[in-house]
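Asks: Dumping the structure here so I can ask a few things about it.
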4 protein chains.
Amino acid sequence: MNNLLPFASDYMEGAHPEILRCLEKNNLTPMTGYGTDSVCADAKEEILAACGCPEGEVFFLSGGTQTNAVVIDSVLRGVEGVIAADTGHISLHEAGAIEFTGHKVIQLPHKLGKLNASDVKKYLKDFYADDNCTHMVQPGMVYISNPTEYGTLYTKSELRALSDICREYNIPLYLDGARLAYALASPENDITLRDLASLCDVFYIGGTKCGALIGEAVVIPKRGYIPFFFTSIKQHGALLAKGWLLGAQFHVLFHDGLYEHIGASAIKNAQTIRAALGKLGLPLFFDTPSNQTFVIFPNEKLPALKEKVNYGFWEKYDETHTVIRFATSWATTEENTQKLIAVLKGLF
Amino acid sequence: MNNLLPFASDYMEGAHPEILRCLEKNNLTPMTGYGTDSVCADAKEEILAACGCPEGEVFFLSGGTQTNAVVIDSVLRGVEGVIAADTGHISLHEAGAIEFTGHKVIQLPHKLGKLNASDVKKYLKDFYADDNCTHMVQPGMVYISNPTEYGTLYTKSELRALSDICREYNIPLYLDGARLAYALASPENDITLRDLASLCDVFYIGGTKCGALIGEAVVIPKRGYIPFFFTSIKQHGALLAKGWLLGAQFHVLFHDGLYEHIGASAIKNAQTIRAALGKLGLPLFFDTPSNQTFVIFPNEKLPALKEKVNYGFWEKYDETHTVIRFATSWATTEENTQKLIAVLKGLF
Amino acid sequence: MNNLLPFASDYMEGAHPEILRCLEKNNLTPMTGYGTDSVCADAKEEILAACGCPEGEVFFLSGGTQTNAVVIDSVLRGVEGVIAADTGHISLHEAGAIEFTGHKVIQLPHKLGKLNASDVKKYLKDFYADDNCTHMVQPGMVYISNPTEYGTLYTKSELRALSDICREYNIPLYLDGARLAYALASPENDITLRDLASLCDVFYIGGTKCGALIGEAVVIPKRGYIPFFFTSIKQHGALLAKGWLLGAQFHVLFHDGLYEHIGASAIKNAQTIRAALGKLGLPLFFDTPSNQTFVIFPNEKLPALKEKVNYGFWEKYDETHTVIRFATSWATTEENTQKLIAVLKGLF
Amino acid sequence: MNNLLPFASDYMEGAHPEILRCLEKNNLTPMTGYGTDSVCADAKEEILAACGCPEGEVFFLSGGTQTNAVVIDSVLRGVEGVIAADTGHISLHEAGAIEFTGHKVIQLPHKLGKLNASDVKKYLKDFYADDNCTHMVQPGMVYISNPTEYGTLYTKSELRALSDICREYNIPLYLDGARLAYALASPENDITLRDLASLCDVFYIGGTKCGALIGEAVVIPKRGYIPFFFTSIKQHGALLAKGWLLGAQFHVLFHDGLYEHIGASAIKNAQTIRAALGKLGLPLFFDTPSNQTFVIFPNEKLPALKEKVNYGFWEKYDETHTVIRFATSWATTEENTQKLIAVLKGLF
C-alpha cells in the first residue's frame, strides 16, 4: 500500500510535528501518574478557556469508541438507553460497545446523517404518553456526532433545538466530536466551542483524527455533572498510567489555538476533490462541507481506482454503483490531492 | 514535583529514545487502520519468534487494566470467575474492572505475593467435590502476574506446577507481564519468553512500564484460542484506530532483543538501593529481586523524605511504620540512585 | 375492573384447576430444592417424550422475559448479538433485558410479524461479505416467537427454511413459545413439538399464558448444548428454591397431553370474535389464526368500549383509529365472548 | 427421599394452607397484569402499615438471589460495590449473581455471621483516607441478612450502629430478610418491622422460606428512593405477568398479622432439637436463636443419619467432623421433630 494515494481515512498518519516535538521534549521528565501531572492541568485549563467554561472539567481518553462507551455508561442509569441516529457511529460501527455496557441504542431515522430535533421531540412525547412506558428502556441521553459519520454539519439552530428538547425533558445531550477540528475549519460551520459548552451536557474534542497521535478530550461544562467519572474511566480500562501523554498533545493543540485551524487544509483539499468530482459528473452521496467526501462510483471503475488509491468502501449503492469515501486530514498534501484528481480524470 | 527524585513508579517517564525516533520516522507514512499495517505485522512476527511460537497470535492494547479486563472477559464464559492471589492487581487496584465485565475474582491467599500451585489445587479439588458447586461461580481461569505486585518472581518450577494443575483441570493460565522486562533482566529469573509461551495459555508482555510510551502485547501461543478476540477488543473500547502506534513501539523493543535487556539498569539500581537500605538497617517488606523495593519506613522520617523524594505509599505497617515503595525503571539514572541513597543516609 | 369483560391479555387468570389441585396435593410433601425433586424429573421426562427427544434437557423458569434473557445470554459469546424481527418481543417490550446482559438485538424487518428466511440469509451473506465485519456485533443466534407477537404462525416450511439457514451458518435457532399452546391448538398450525425439537436448537414451551400459574419450560434437544446452564440460571437470579412448583405444573400439562389441547377453546372463541368483527366491518390489523385478534378501531368508539371491556391498547393506526387487541385464553368463557360481541354490536 | 425426615432446608414444603385457599378463590378472577391489580395494592398497603411507613413502596419479586441482584444493581452506581460479611449469601452462594450485574462484593470478616459496625466504620474511614481511593471500587451499600446465613440475629443496637455509620457516610443499608419470620418469632429478637423501616433504606421480607409458595416483598420506606425500580425489575427479567400471584400471598401473610407469628412453631421445634443435641453432647457450630441449627457432627455417624434424615451439609469442620444443618420451618411438625431426636438418640 506504500504507493497508494492515502485517502481511506483521516487516521492514516501520526501527529502534527509540534506534538512529536513536545513529546520528545518531555520524554525524560518524570511525571506523576494517571493525568495528575502539571502538563495535563495546563491542557485542561486551556481547553476550558477555549470552551468558555473555566469551571468545567476535562478528562482525556484514548479513542472514540472507548470515549463513547465510557461517557454513555457513566451518565446513564441501568434502565436507560441512548437515542441516536440510525447512522450514528454507536449504532453501527462499534461492535456493540454500548450494549456491552448494558444499554440499548434507541435508533431514530437520520436526516442527512443528522438527528432531527422534531423527531426526538415526537419520540419523547409518544414515549411518555404510552401507559406502558415503564416496561421499556427509558430514554436517558441524546447522542449526536458533529461532523456526522457522513461528514455533514449541524447548524447552530439545529443544535440549539436539540438542546432545548433535551432540557425540556431533562435528558443530557452528548456530542461526539471525533472530527470536530474539521467542523471548526469548515466555512459552513457556525458552532463554536463555546456554543458546544453551553448547549451540550458533555462533549468530546477529537484528537486522534485531528492532529494528535491519539487522544480525545471529554469536556463536562458543569463540574461534578458525572460523579466518580475518574473511577469509571479506570473501571472501563480506559485510564492511562501515563496520562500526561494525552495532556501534552492537547496542550500543543490548545495553548495557542492550533486546534481551531488545524483542519483548514483538509477542508480545502476536500473542496478541491469535490469540485473535480462535480466536473467529472460523479454524483455525491451527500453534499458535505467537511473533510469527508462520499461519492457514488461506478463499480466497473473501482479495480482501476484501487490500483492507485487507498479509498474507503462505504456501502453498496445499487447493482452497478458503490458509495466510496475520500477522506482528507490535516496531513493530506495538495500534491496528493492533485494526484488523486489526475487519477480520477484518467478514469472518466 | 520537578525537583523530587523520581522513584514513585516505573511509569513516570516517556519512551526509550529509539522508540521516539521510530515514531518520528514513520510519522507521515500513511498506514492502514486498526493494526492491519505492516509495522504491526513485523512486530508480531518478531514477538512470536522471541517466544518460540511462530504460529501464535499477538494483539496490541494500551494499558494493563484494559488488557486484563479484555483478556479475562474474552476467555471466560458468563458463569466463570478468575482465580487470583488476594494481592493480585485485579483483586484490588483496578476499580472493579473485572467485575464490571460480570466476572467474580476468586481470591486465594498469596505467598510472597504469589499464587501457590498447591493452594490452587486444593481449591479446585474442594470446589468440584462440593455437591453444590453448580450453585457457585465456576473457576474458569487462573491469573498470575510476574513480577508480582510485590516485585517477587515465580520460579520456573512454580510456574510449571501452576500450569500442570491448570491443564489437569482444563482451566487456562493467564500471566500478566506488565513488568516482564524487569523479570527477564533479573539475575534470579529462570523463566524465558519461550517458557511463558509453553506454560501459559495467554500472557501479555508489558510495554508501558518497560520502555514503551504506551502499549501491551497480548500473546496467544495457540492461534484461534480466543475466538473473535479482535472484535472483543473493539467491543471493550480498546481498539486504537492508529494501531501501528503500538506495533511500532514493540517493533523497536523486539527487532533486535532490546526488550530482554532494557530492564538491566533498573535491576542494578534497585539492587544498589536495597544494599543501602540494608546497611541503614531498614527492613524490607519483601526481599524482591526485581525493580520494585518495598521497605518498612518509620513514619517520623516520612515528612523529611517527602521533601526530596517522590516515593510510592504502599500500606500502613503498624502504628509507627509504613510500607513504601521505591521503583526504578529503564529510565532511572545512576546519579538519581546515588542521590536517593544520600537522602536516606542523611535521614538515618 | 371487576365488571369489565376480560380480553386485555391471556394472563389475567390463574391456573387450570387441575394444576391447583396438584399443588394442593403436594403442598406438604417435602421436596429437595432447586428442581432436583422427582416431580420435576417426571415432568421433564414427559416433555422430552412429547418432543421426541428423550436424550434432551428441560429447565424450568418463571417468565418469558426472564427466559429469553437467560437463554440468549447463556448461548451467546460476549461479542455476539441476536437477530430478531423488529416486532420481536425482545426488540421492543422487554425494557432492554437483552442489552442488559450485554448483547445487541439485531433487528430485521418483519413480514406479518415473522422473520423471513431469505431476509436472514441476505443479512448473513452481506455481513460476512463485508471486510469490516470483525468490527461489528457478530450474529450469534436467530430468535423467533411462535405464535408471534401479532398472533401469526410460522408454517413448517418457513420454520425449516430458517433452520436450514441457521445450520448453514452454524448459528443456533431459538424459538420463544410463550403462547405455544395456542399455536398447537390452531387448525392452521402444521408444526408439532417434535418438529420444534428437530428444527430448533433451543425453544421454550410457555406455561404462564397457557394454563400454568407461572412457568416456562426450556427444551434443549441436544443434552449439553448449553454448558453450565443451571449455574447460569442461578446467576441470572432465575433459579427457584422450590423448583418443584414449576415441575408440578408442567407435569399436569404434559402427563396426559393436556398442553396440546388446552388452547382449543381460546382459538374457538377468538374465531367467533373475528367473525363478528368481520360482520361489523371492522378491519383486522393482521389476520391471525391464534388467540390474539388485532383490530383497527375507530377512536370515537373507544370510550364507550372502555366502559365495558378490558382490551389491550396496541398502537396508533392513524389520526382517527387505533389498533387494539382482544386476547382470549384457555380460561375465556363462551359467555364472555358472546357478551363482548354484544357490546361490539351495540357500538356499531 | 419420601421417607427421610425433612430437615435439609426451610423451603421443602409448599405454602401455608390459607395461601393455597386464597389462590384458589382468586383463580378465575381476571386481574390486570404486572402487579397493577387490587390484590397487590391491598397487600402493599398492609405491609407498609405493619412497617409503619405508609408512604413507602413495596415491590414483589420471586426469590432471594433475584431480589438481592435487582435491589443491589438498582441502587448502586456503576463504580460502586456492596459491603457484605464474608459469610454473606451474596458473597458465596449466589453463583456470582451480583458480579454478573457488574458490581464487586467487598467482603469484611464476619462475627458470628454478622457484619460488625466498627469493622464497617474502619473500612470506610481507611478507604476515604487512602489517596488512591478513586482508583478503587467505591463502597456504595452495606448488605446484611437477618437472620444471617448462620441463623444468628442482629440486636437492635447492632442494627442501629450499622445504620448510624451508613448514614454518616451516606451509604444505603440493605437488609435481606429471606428468613425474617423466624427472627420475628424468636424470643431473643428485639427488632420490629418498624425498626427495619426506620433503620434500613431498603429491606425485603422473605416469603419463600416463611409460608409463601414463592415471593419476596421489597420494602422501600422512602417512596422514590430507587428511581425506575419497576423498570429495573422488568429489565432483570424479574417481573411476573401475573403479579397478583405474589400479592395474594403477601395479603394472606399480612392482612391479619400471620407473618409475625408464622415462624413460632419452627423456633420451638428448633429449640427442642438444640436441647436434645446438648443433652447428647453434640456441640453447636454457632448457638443460634432462630430456625436453623448448625451442629458439629462426627463423620462416622453420618451414613447412619443419612439413611433416616434429610439434613443440610454445611462445611468440613475437621478431619473427623462435619458441620451439618437441621432447618425447621413453619411446616415442620412436632412429630417429625421427635422422630429426628429419636434418630439422634439412637446414634449416640
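Asks: Quick one: is A:Gly88 touching a Gly at 6+ places or on another chain (Cβ under 8 Å) and not aliphatic (A, V, I, L, M)?
Replies: Values: touching a Gly at 6+ places or on another chain (Cβ under 8 Å): no; not aliphatic (A, V, I, L, M): yes.
So A:Gly88 fails the test.
Residues are listed down the side, and each one gets a yes or a no for (1) surrounded by 23 or more Cβ atoms within 10 Å (Cβ to Cβ); (2) hydrophobic (A, V, I, L, M, F, W, C); (3) under 15 Å from C:Cys200 (Cα atoms); (4) touching a helix residue (DSSP H, G or I) at 6+ places or on another chain (Cβ under 7 Å):
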position	(1), (2), (3), (4)
C:Asn68	yes, no, yes, yes
C:His110	no, no, no, no
C:Arg160	no, no, yes, yes
C:Arg167	no, no, yes, no
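Asks: Could you identify the single residue in C:Gly211, C:Gly215 that is touching a residue at least 24 places away in the same chain (Cβ under 8 Å), surrounded by 21 or more Cβ atoms within 10 Å (Cβ to Cβ), farther than 24 Å from C:Ile98 by Cβ and not assigned by TED's automatic domain parsing to the domain that holds C:Lys268?
Replies: C:Gly211
Asks: Please go through the stretch B:169-179 and pick out each residue that is within 18 Å of B:Val142 (Cα to Cα) and either charged (D, E, K, R) or not in a loop (DSSP other than H, G, I, E, B) (or both).
Replies: B:Leu173, B:Tyr174, B:Leu175, B:Asp176, B:Gly177
Asks: Now for a separate question. When you look at B:Gly312, is it under 30 Å from B:Met31 (Cβ atoms) and either touching a residue at least 40 places away in the same chain (Cβ under 8 Å) or within 14 Å of chain A (Cβ to nearest Cβ) (or both), yes or no?
Replies: Here the answer is no, as B:Gly312 does not meet what is asked.
Asks: Taking C:Lys308 as the residue in question, decide whether it is surrounded by fewer than 22 Cβ atoms within 10 Å (Cβ to Cβ), modelled with pLDDT under 95 and either basic (Lys, Arg) or in the same structural domain as C:Ile214 (by TED's automatic domain parsing) (or both).
Replies: No.
Asks: Let me ask another. Conditions: (1) in contact (Cβ under 8 Å) with a residue 12 or more places away in the chain; (2) within 20 Å of A:Gly78 (Cα to Cα); (3) not basic (Lys, Arg). C:Glu99 meets all but one. Number of the miss?
Replies: C:Glu99 satisfies every listed condition except (1).
Asks: Of the residues D:Val39, D:Val82, D:Val71, D:Val120, only one is more than 19 Å from the chain's Cα centre (by Cα), at pLDDT 95 or above and either within 16 Å of D:Pro172 (Cα to Cα) or not assigned by TED's automatic domain parsing to the domain that holds D:Val219 (or both); which?
Replies: After ruling out the rest, the residue left standing is D:Val120.
Asks: Spot the failing condition for A:Arg77; the list is (1) at pLDDT below 95; (2) surrounded by fewer than 23 Cβ atoms within 10 Å (Cβ to Cβ), and only one is missed.
Replies: (1)
Asks: Next question. Cβ contacts < 7 Å: first residue loosely packed, with under 15 Cβ neighbours inside 10 Å, restricted to the stretch A:284-305; second residue of a type outside the set (A, V, I, L, M), any location; separation 6+ or different chain. Result?
Replies: Once the first residue is loosely packed, with under 15 Cβ neighbours inside 10 Å and sits in the stretch A:284-305, its partners that are of a type outside the set (A, V, I, L, M) give A:Pro298/A:Thr320; A:Pro298/A:His321; A:Asn299/A:Thr320; A:Asn299/A:His321; A:Asn299/A:Thr322.
Asks: I would also like to ask the following. Residue by residue through the stretch C:217-263, note down the ones that are at positive phi, small (Gly, Ala, Ser) and either within 14 Å of chain D (Cβ to nearest Cβ) or in a strand (DSSP E or B) (or both).
Replies: The one that is at positive phi, small (Gly, Ala, Ser) and either within 14 Å of chain D (Cβ to nearest Cβ) or in a strand (DSSP E or B) (or both): C:Gly237.
Asks: From (1) outside any strand (DSSP E or B); (2) surrounded by fewer than 20 Cβ atoms within 10 Å (Cβ to Cβ), pick out the condition that doesn't hold for D:Phe313.
Replies: (1)
Asks: Determine whether the stretch D:38-51 contains at least one residue that is within 8 Å of another protein chain (Cβ to nearest Cβ), of a type outside the set (Val, Ile, Thr), touching an Asp or Glu at 6+ places or on another chain (Cβ under 8 Å) and touching a residue at least 60 places away in the same chain (Cβ under 8 Å).
Replies: For the stretch D:38-51, residues within 8 Å of another protein chain (Cβ to nearest Cβ), of a type outside the set (Val, Ile, Thr), touching an Asp or Glu at 6+ places or on another chain (Cβ under 8 Å) and touching a residue at least 60 places away in the same chain (Cβ under 8 Å): absent.
Asks: Let me ask something additional. Looking at B:Thr322, B:Thr332, can you tell me which residue is under 18 Å from D:Ala129 (Cβ atoms) and hydroxyl-bearing (Ser, Thr, Tyr)?
Replies: B:Thr322
Asks: Cβ-Cβ below 7 Å, separation at least six or inter-chain, first residue in the stretch A:1-24 and free of Cβ contacts under 8 Å to residues at least 24 places away in the same chain, second surrounded by fewer than 24 Cβ atoms within 10 Å (Cβ to Cβ): which pairs?
Replies: Listed pairs, sorted by first residue: A:Glu24/B:Leu20.
Asks: Of B:Asp10, B:Asp73, which residue is touching a Cys at 6+ places or on another chain (Cβ under 9 Å) and within 13 Å of chain A (Cβ to nearest Cβ)?
Replies: Exactly one of B:Asp10, B:Asp73 is touching a Cys at 6+ places or on another chain (Cβ under 9 Å) and within 13 Å of chain A (Cβ to nearest Cβ), namely B:Asp10.
Asks: Identify all residues within the stretch D:76-93 that are more than 7 Å from every other protein chain (Cβ to nearest Cβ) and either outside any loop (DSSP other than H, G, I, E, B) or under 30 Å from C:Leu245 (Cα atoms) (or both); write none if there are none.
Replies: D:Glu80, D:Val82, D:Ile83, D:Ala84, D:Ala85, D:Thr87, D:Gly88, D:His89, D:Ile90, D:Ser91, D:Leu92
Asks: Could you check, for the stretch D:187-195, whether at least one of its residues is surrounded by 23 or more Cβ atoms within 10 Å (Cβ to Cβ), away from chain A (no Cβ under 14 Å) and among the acidic types (Asp, Glu)?
Replies: No: zero hits.
Asks: Right, next: For the stretch A:24-58, give me each residue that is under 17 Å from A:Phe229 (Cα atoms) and assigned to a helix (DSSP H, G or I).
Replies: A:Cys40, A:Ala41, A:Lys44
Asks: More than 7 Å from chain D (Cβ to nearest Cβ), part of a helix (DSSP H, G or I) and either surrounded by 24 or more Cβ atoms within 10 Å (Cβ to Cβ) or not hydroxyl-bearing (Ser, Thr, Tyr) (or both): does that describe C:Asn3? Can you show your working first?
Replies: Details: more than 7 Å from chain D (Cβ to nearest Cβ): yes; part of a helix (DSSP H, G or I): no; either surrounded by 24 or more Cβ atoms within 10 Å (Cβ to Cβ) or not hydroxyl-bearing (Ser, Thr, Tyr) (or both): yes.
Answer is no for this residue.
Asks: Let me ask something additional. Among (1) within 22 Å of the chain's Cα centre (by Cα); (2) crowded, with 21+ Cβ neighbours inside 10 Å; (3) not aromatic (Phe, Trp, Tyr), which single condition is C:Ala50 missing?
Replies: Condition (2) is where C:Ala50 drops out.
Asks: Those residues that are assigned to a helix (DSSP H, G or I) and either at the interface with chain B (Cβ under 7 Å from one of its Cβ atoms) or aromatic (Phe, Trp, Tyr) (or both), I need them from the stretch A:59-69; list them, please.
Replies: Kept after step one, since they are assigned to a helix (DSSP H, G or I), are these residues of the stretch A:59-69: A:64-69.
Scanning the stretch A:59-69 gives A:Thr65, A:Gln66, A:Ala69.
This table checks each residue for (1) assigned to a helix (DSSP H, G or I); (2) farther than 30 Å from D:Gly35 by Cα; (3) more than 14 Å from chain C (Cβ to nearest Cβ).
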residue: A:Ser118; (1), (2), (3): yes, yes, yes
residue: A:Lys121; (1), (2), (3): yes, yes, yes
residue: A:Lys125; (1), (2), (3): yes, no, no
residue: A:Thr134; (1), (2), (3): yes, no, no
residue: A:Gly140; (1), (2), (3): no, no, no
residue: A:Ile144; (1), (2), (3): no, yes, yes
residue: A:Tyr150; (1), (2), (3): no, yes, yes
residue: A:Glu158; (1), (2), (3): yes, yes, yes
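Asks: Now, a different point. Would you mention how many residues in the stretch D:316-342 are surrounded by fewer than 16 Cβ atoms within 10 Å (Cβ to Cβ) and outside any loop (DSSP other than H, G, I, E, B)?
Replies: Summing the residues that are surrounded by fewer than 16 Cβ atoms within 10 Å (Cβ to Cβ) and outside any loop (DSSP other than H, G, I, E, B) in the stretch D:316-342 gives 7.
The values are calculated or read from the model by the stated rules, or taken from the named source; none is laboratory data. This is a predicted model, so every value here is computed, not measured. As a convention, Cβ positions derive from the backbone with ideal geometry for all residues, glycine included, and neighbour counts pool all protein chains shown.
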